[in-house]
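For reference, the structure discussed in these notes is given below.
Rule-based calculations on the coordinates, nothing more; no lab input. Since the structure is predicted, the reported quantities are computational estimates derived from the model, not experimental observations. In this analysis, Cβ positions are derived from the backbone assuming ideal geometry, glycine residues included, and neighbour counts consider all displayed protein chains.
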Amino acid sequence: MGDEIVRAITADGYVKATAITAKGIVERARNIHMLLPMATAALGRALMGASMMGDMLKEQNGSVTLQIKGGGPLGAVLAVSDCQGNVRGYVQNPHVELVEKYPGKLDVGAAVGQNGTLTVMKDIGLKEPYIGSIGLFSGEIADDLAMYFVESEQIPTACALGVLVGTDQSVTTAGGYLIQLLPGAGEEIISSIERGVQKVGSVSHALEGGLDGEGLLRAVLSEFSLEILEKHPVEYRCYCSRERVTRALISMGREELSSLLKEQGQAELTCQFCDRVYSYTREELGELLRGMS
Ligand SMILES: [Zn+2]
């Protein structure tokens with residue numbers, strides 16, 4: 001089963017919901033960055049959160065960047081989504097040792113850290129991107145995202161994100177959901193959602209038990225009549241190009257570039273989001289330099 005995003009709304013119009021299944025996306029991230037399990041879980045959660053938020057954008061060519069800096073051993077975690085939920089990302093220190101809450105349960109909050117910020121940048125084609133930032137709540141990422149929506153966008157939100165890593169360190173399951181109240185929703189609606197969240201429990205285990213994204217939403221919102229609005233595939237997608245890398249080289253400035261040319265005679269640049277490598281020969285670097293004068 002490929003990765004996908006499912007969007008739904010309850011028939012009463014009070015609740016909108018998005019779910020993602022992203023085993024392929026998280027496994028691709030693991031392979032690109034050679035992640036160890038702590039980083040796989042943390043970056044995986046961030047990628048899925050960003051993906052669902054990106055998918056909510058109405059603006060074509062919009063993007064959402066999620067940056068989590070918690071002061072923990074993983075360092076910064078960054079995920080970027082396009083407006084269809086295709087994501088890319090990286091984590092500063094991908095080789096952090098395993099921290100478990102109890103055997104088999106990764107302590108993502110400890111690896112991310114709790115003393116820092118979660119920042120959301122939405123680029124919707126305006127001059128300046130929208131930037132919202134909150135103090136981290138738990139470092140578990142799903143809780144922090146829910147808190148972000150409450151504090152920065154005043155939208156009551158329930159969020160769960162889960163990545164299960166197998167004994168061979170590959171991704172067994174990955175998925176999550178975002179459930180948001182629409183204006184007019186009362187206490188009874190909130191209680192119904194809370195009961196559903198409790199009943200389903202761990203998302204990664206629910207997926208392991210055979211649920212897909214739609215199944216996950218139907219399980220959490222079992223007390224509602226649910227209307228599925230859209231389902232579409234999502235993937236790990238990087239938008240790097242030789243042109244962009246060249247621009248980055250030029251922005252290094254004349255001095256830096258000419259010392260690079262002198263010292264190495266050539267340049268090999270790896271994209272920070274994917275495994276693409278861009279090579280520049282002596283002649284190409286020389287030409288760039290000449291173009292800068
Ligand atoms: Zn790339």
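Things to note:
- Of the residues Ser222, Ser258, Ser81, the one with the fewest other Cβ atoms within 10 Å heads the list, and the complete ranking is Ser222, Ser258, Ser81.
- Paired Rg and Dmax values of the range 144-224, which use every Cα atom, in angstrom: 13.9, 48
- Stretched out straight at 0.36 nm per residue, the stretch from Ile250 to Met121 would grow longer than its current Cα-Cα span by 43.9 nm.
- Partnerless Cys - the chain, beta-carbon criterion under 4.7 Å: Cys83, Cys159
- From largest to smallest, the equivalent ellipsoid semi-axes obtained for the range 187-293 from the alpha-carbon gyration tensor read 54, 14, 13 Å.
- Amide proton proximity set for Thr172, modelled H, under 5 Å, gap of 5+: Leu164, Val165, Gly166
- Spatial separation of Cα centroids for the range 1-63 and the range 82-116, in angstrom: 15 Å
- Percent antiparallel among DSSP beta bridges (both partners in the chain, rounded to 5): 100 percent
- 5 angstrom amide H check on Leu182, placed H, neighbours 5+ away: Val15, Lys16
- Convex hull of alpha carbon positions in the range 39-93: directionally averaged projected area 3.2 nm².
- Distance in nm between pseudo-label sites at Ser191 and Glu284 (7 Å out along the Cβ direction from Cα): 6.5 nm
- The orientation-averaged shadow of the Cα convex hull for the range 242-292, equal to a quarter of the hull surface, comes to 3.3 nm².
- Backbone geometry of the range 261-270 corresponds, through the Karplus equation with coefficients 6.51, -1.76 and 1.60 at θ = phi - 60°, to 3J(HN,Hα) couplings of 5, 5, 6, 10, x, 6, 9, 10, 10, 9 Hz, x marking Gly and Pro.
- Once the gyration tensor of the Cα atoms in the chain is diagonalised, the equivalent ellipsoid follows with semi-axes of 37, 21, 17 Å, ordered largest first.
- Remark: spin-label model distance Met34-Thr172 equals 2.6 nm, labels positioned 7 Å along the Cα→Cβ axis.
- The range 48-58 - phi-based ³J(HN,Hα) in whole Hz, Karplus 6.51/-1.76/1.60, Gly and Pro as x: 5, x, 4, 4, 5, 6, x, 4, 7, 5, 9
- For the range 74-155, GluC sites (Glu not before Pro) are listed when DSSP marks them as loop and at most 16 other Cβ atoms sit within 10 Å of their Cβ; the list is Glu97.
- Nitroxide proxy distance, nm - points 7 Å out along Cα→Cβ at Ser225 and Glu153: 2.8 nm
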